[in-house]
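Here the structure is laid out as structure tokens; the discussion comes afterwards.
The values are calculated or read from the model by the stated rules, or taken from the named source; none is laboratory data. These numbers come from a predicted model, not from an experiment. FYI the Cβ positions are ideal-geometry reconstructions off the backbone, even for glycines, and counts take in every protein chain you see. Side chains included, ligands, DNA and RNA excluded: accessible areas come from the protein's heavy atoms. Shrake-Rupley method; radii C 1.70, N 1.55, O 1.52, S 1.80 Å.
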Number of protein chains: 2
Amino acid sequence: MSTIAIALHGGAGDRNRTTTTPQQEQDLCNGIADAMDAGYEILKNGGSSIEAIERAIMIMEERPCFNAGIGAALTEFGTVELDAGIMEGTNRNVGAIAGVQRIKSPIKAARYVMEHTPQVLLIGTRAEEFLSKAGLEMVEPEYFITEENQRLLEKILAEQQATLQQHTEKVVLGTVGVVALDSNGNLAAGNSTGGMMNKRSGRVGDTPIAGAGMYARNGVCAVAATGYGEYFIRTSAAHEVYAQVRYAHTDISTACNNVLADIQTLGGRGGLIALDANGNTTLPFTTSSMARGAINANGERIVELW
Amino acid sequence: MSTIAIALHGGAGDRNRTTTTPQQEQDLCNGIADAMDAGYEILKNGGSSIEAIERAIMIMEERPCFNAGIGAALTEFGTVELDAGIMEGTNRNVGAIAGVQRIKSPIKAARYVMEHTPQVLLIGTRAEEFLSKAGLEMVEPEYFITEENQRLLEKILAEQQATLQQHTEKVVLGTVGVVALDSNGNLAAGNSTGGMMNKRSGRVGDTPIAGAGMYARNGVCAVAATGYGEYFIRTSAAHEVYAQVRYAHTDISTACNNVLADIQTLGGRGGLIALDANGNTTLPFTTSSMARGAINANGERIVELW
């Protein structure tokens, strides 16, 4: 069998180890494992890295424990605004959507933009109208909203009110991302998210931005990011990993650590998942937790949270 | 006087030299010269690169000959959707807006996002509502629409209809961008655009995307891009120039040419303006024209179109 590999993240964040219930931990790890195994199965059967990524992310979008699709973080108004992006390393094609509220699977929409339009990034209600006409499944915005997130937002807003704080966004755990290498040597990367809890309506983070939240190029590497997105845009995090691997001949693991250290000097934290052209995987993070999983080129399998 | 430098573009595109009137050429060159001189004056007086960029871009946003602010390209529906972004090389702060219709100066709004919010990218009507409350000047969408652009769009739509073509976007000349180096050694880059003529409503190009349409880091370089934006996102064009200068020790001019050549292999064309930490400027393009100007570290001044 040719070299295949996959790595996933279910979001870097400052989860509290003592208050996280066994059930929460199990939901996250099961979500990662189920998505990973489904993606890996596609790769094993000779499917493309894009196919594997779409499938794995769609599974995580449907699990309320992740901040993507159902369970997405809520804006300051209690609404959802979803972002997703996908990139293939073959020809560096990209597709992405931002600020959508009714598209059932954001990652599927991102793939549609990549494969069926000359555009790379479509935003807002106009993107929804176009993609709805194109046949993508639409849902009511309430489809994505969980009671748990509504309670969390209420709590944040109450605290904000009580302390007369200015608007502050809270990083939520759970943005999802996948990188994969298929048996044809094609690398790809994808991400899907609801953004940050209590985020300013209209805010877009790094998730749908090629070069920031994801990057893929055959023969070099595929990278997906999670964390405080603004810092990943400012550092062009995913493309910076690529550039260090390609031009500074840094190994993938050191390159990811360098980028996270650089982000930390700016005041930001998060995580990266990456794999190189040989199927070596790395999954570093600078937060307390990052739900993650990988099956590398040697078939070694991990699923971890802390 | 410390080293200062500035470079501007007024959009790369396939302008036809035989049908361009002397008046059109003069408007473009005057616009570049006026914006450049205003920006340079700020730098000469010890002002910041951000201040110089904002001022220069605001001047071009007000000139209907450029595709930014007044004179912005129209969407498929005849509306305007404006994008702008700005980045400072000191701490890699970024501010950007996309898909706005009523903000009088998009570049001013991008700067506001950078300096007064924790966000980096705000989109659509929610961005407008927030920025309007923050005190930025709003106008009716018609403010940006010129009769010339309305006639051009009608012509494109009629051709599309006549030939039963699918929706095709036309690159328009005129996206504006500026890079500057101030007397404190601070590099910065900024862009403002209406996008492409007959663009799909909701489409966002590289202009507001740090890493794609612009990048700036002190001690390395500042870069701004123009052209078929999708290709500049797919290649992380501006950050790729930075990466080649930093990690492959390529000079700024070769790095820009490499990136434009790479984009051409993918099927895209456009232009880049860049300057390095020593105030060396470069303004290459792969289209027939790019309105452009520069005053480099030696005080050498150019304003050119072809």
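Things to note:
- Output for the range B:210-224, where each listed residue is under 11 Å from the mean Cα position of the chain (by Cα) and within 11 Å of chain A (Cβ to nearest Cβ): B:213, B:214
- Count of the range B:282-300 residues which are in contact with an Asp or Glu (Cβ under 9 Å, 6 or more places away or on another chain) and part of a strand (DSSP E or B): 8
- For the range B:262-272, taking the residues that are out of contact with any strand residue (DSSP E or B) (no Cβ under 8 Å at 6 or more places or on another chain) and not acidic (Asp, Glu), the one that is farthest from the other protein chains (Cβ to nearest Cβ) is identified as B:264.
- The set of residues in the range A:286-296 being open to solvent by 40 Å² or more (accessible area, probe 1.4 Å) and at pLDDT 95 or above is empty.
- Verdict on residue A:219 being of a type outside the set (Val, Ile, Thr), under 24 Å from residue A:43 (Cβ atoms), out of contact with any Pro (no Cβ under 6 Å at 6 or more places or on another chain) and assigned to a loop (DSSP other than H, G, I, E, B): yes
- Checked against the criterion of being crowded, with 24+ Cβ neighbours inside 10 Å and at pLDDT 95 or above, the candidates B:265, B:254, B:193 yield just one match: B:193.
- Cβ pairs under 6 Å, 6+ apart, first in the range A:185-205 and more than 8 Å from chain B (Cβ to nearest Cβ) and in contact (Cβ under 8 Å) with a residue 12 or more places away in the chain, second in a strand (DSSP E or B) and surrounded by fewer than 24 Cβ atoms within 10 Å (Cβ to Cβ): A:197/A:170; A:198/A:170
- Against the test of being closer than 16 Å to residue B:207 by Cβ, open to solvent by 10 Å² or more (accessible area, probe 1.4 Å) and not basic (Lys, Arg), the options B:81, B:76, B:62, B:88 yield a single qualifying residue, B:81.
- A residue that is charged (D, E, K, R), within 12 Å of chain A (Cβ to nearest Cβ) and over 18 Å from the mean Cα position of the chain (by Cα) can be found somewhere in the range B:238-247.
- Just so you know, in the range A:98-146 the residues that are facing chain B (nearest Cβ under 9 Å) and part of a strand (DSSP E or B) include one that is surrounded by the most Cβ atoms within 10 Å (Cβ to Cβ), and it is A:98.
- Test: residue B:259 is in a helix (DSSP H, G or I) and either within 14 Å of chain A (Cβ to nearest Cβ) or in contact with a Cys (Cβ under 8 Å, 6 or more places away or on another chain) (or both): yes
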